[in-house]
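Values quoted throughout were computed directly from the atomic coordinates according to the rules given, and no laboratory measurement underlies them. These numbers were taken from a predicted model, which means no experiment stands behind them. Counting neighbours? That spans all protein chains shown, and the Cβs are built from the backbone with ideal geometry, glycine included.
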Amino acid sequence: MKQSNRAQLRNFILEYHKTHSLTLEKDLELDDDMFFDINTPVEVDMSTAMTQISLTGDSVYLNTLLEKVDQYGTLKEQYIFLCLLRGYGINRTAEIFNLDPRNIRYKFDKLLDKILKHSNSAI
C-alpha cells in the first residue's frame, strides 16, 4: 500500500471541514458526561449520520469514502472518522473518547489501511 495514498486520504479527511459545512439534521449537543451516559438513549445512529453527510456532501469522492468507512470500519472507527471529518482534530477526539491521542491516530491509521486495502483504485 502506497504511503502517498494514505497521506492524501488522511489530509482529505482532516482538511474536509475547512471547505465544507457538516451539519447533521439532528445534531446533538452533548456534554462529556452525557456522551458517556449509557442510560440516556441517543436517537442518531451511524447509518443515519452517514446518510445525512453523504446527502450534504458535494463530492463523489466523499460518498465513496463514507461507503468504505461504513462497510469496513468498526463502530468506534466510524465515530472517530466522523469526529475528524467534522474538524474535531486528534486531540479533541481523544478527549471525547477518553483515549490517548496516539490511540486515536492508531485507530484512524487502521481505518485508512482498511479503506485503501478494499479500494479497487486509488481513493
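Of all residues in segment 78-123 being in contact with an Asp or Glu (Cβ under 9 Å, 6 or more places away or on another chain) and among the charged types (D, E, K, R), which is farthest from Ile13 (Cα to Cα)?
Only one residue fits best here, namely Glu95.
Restricting to segment 79-105, and then to whatever is part of a loop (DSSP other than H, G, I, E, B) and of a type in the set (D, E, K, R), can you tell me which residue is surrounded by the fewest Cβ atoms within 10 Å (Cβ to Cβ)?
Quick first cut of segment 79-105, residues part of a loop (DSSP other than H, G, I, E, B) only: 86-88, 98-100.
Keeping just the survivors that are of a type in the set (D, E, K, R) gives 86, 100.
Working: Arg86: 19, Asp100: 10.
For segment 79-105, the residue satisfying everything is Asp100.
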